[in-house]
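See below for the structure under consideration.
The values are calculated or read from the model by the stated rules, or taken from the named source; none is laboratory data. These numbers come from a predicted model, not from an experiment. Cβ placement follows ideal geometry from the backbone for every residue including glycine, while neighbour counts extend to all protein chains displayed.
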């Protein structure tokens, strides 16, 4: 694990697409014949370079590639899965909501013979920067959310079972390529908290044999800046604090720090990556507010076990707002470090 300061400031995963890159992606999808593979790679590499630069200029201690290769956090991964076919979108117009996300039907057993594309993301990222990084990957239960079983799988649980070895293999491959920090994104469990014990078994088998620090991110959804499900972690405790991972990444800013006392139930050595800026609004939180929120967090858990993040990824946030939020988040963290005499 790369050496990080106490209270490292980081992102959850995604970064806001630059406007030109969003237009490029739209044009490439609508008129693929206009762009060759070198054109696509050049645009993608330039977008990753900007995402890295934005994060480092804001002062982040731990970065990602901004998920510039991905579509809406996890939708791009279905391009790597074989055994599925797309379903027609049932609603295209009106206010955006989760029913407008892409859906697929399983037509054969799921497999990903060429992996999920994270090796390519890592190679591109490492060719641009040597800064400390983490690699996000969606967990199997969340990936199962856009899949229907068809005649192959009875329900979401069976689909999840089929995805566990695929995600596990991808994580092990990242470790073999030198990654020591992986973030597994499982927001769907926070939105479906009724059965936590089988959830822990799924997580245990997904991370089995993965020799890296693993953070599990559980928000309440962020498609088009909207949550899905009741925004409470309480039903998942104390089970969540017993998950076989080294860190939990949870959102608090959008809920005005509600349930932050749950941090006291996260026992050492498990860490908490605490969301202190709200990616769903357009207000840029002052650094002083971030610092005050962090002081509240530290009433329940010691600073050596805390990372500071936004609530979720910045993919649904305008870039100038994302830059402002991350910059102020970093400054708020630095204020608290100075107050406590912690390493910068």
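Descriptive notes on the structure:
- Residue check, residue 274 in a loop (DSSP other than H, G, I, E, B) and buried (at least 20 other Cβ atoms within 10 Å of the Cβ): no
- Residue list for the range 140-158, filter: in contact with a helix residue (DSSP H, G or I) (Cβ under 6 Å, 6 or more places away or on another chain) and either under 30 Å from residue 59 (Cβ atoms) or surrounded by fewer than 16 Cβ atoms within 10 Å (Cβ to Cβ) (or both): 142
- Residue in the range 101-117 that is touching a residue at least 60 places away in the same chain (Cβ under 8 Å) and either over 29 Å from residue 329 (Cβ atoms) or surrounded by 15 or more Cβ atoms within 10 Å (Cβ to Cβ) (or both) present: yes
- Selected residue (only one of 327, 282, 317 is in a loop (DSSP other than H, G, I, E, B), over 18 Å from residue 218 (Cβ atoms) and in contact (Cβ under 8 Å) with a residue 60 or more places away in the chain): 317
- Scanning the range 66-100 for residues that are touching a strand residue (DSSP E or B) at 6+ places or on another chain (Cβ under 8 Å) and loosely packed, with under 15 Cβ neighbours inside 10 Å yields a total of 6.
- Taken over the range 119-130, the residue count meeting the criterion of being touching a strand residue (DSSP E or B) at 6+ places or on another chain (Cβ under 7 Å) and either modelled with pLDDT under 95 or closer than 16 Å to residue 56 by Cα (or both) is 1.
- Failed criterion for residue 342 (all others in (1) farther than 24 Å from residue 136 by Cα; (2) without any contact (Cβ under 8 Å) to a residue 60 or more places away in the chain; (3) part of a loop (DSSP other than H, G, I, E, B) hold): (2)
- Qualifying residue in the range 196-212 (condition: at pLDDT 95 or above and under 27 Å from residue 317 (Cα atoms)): no
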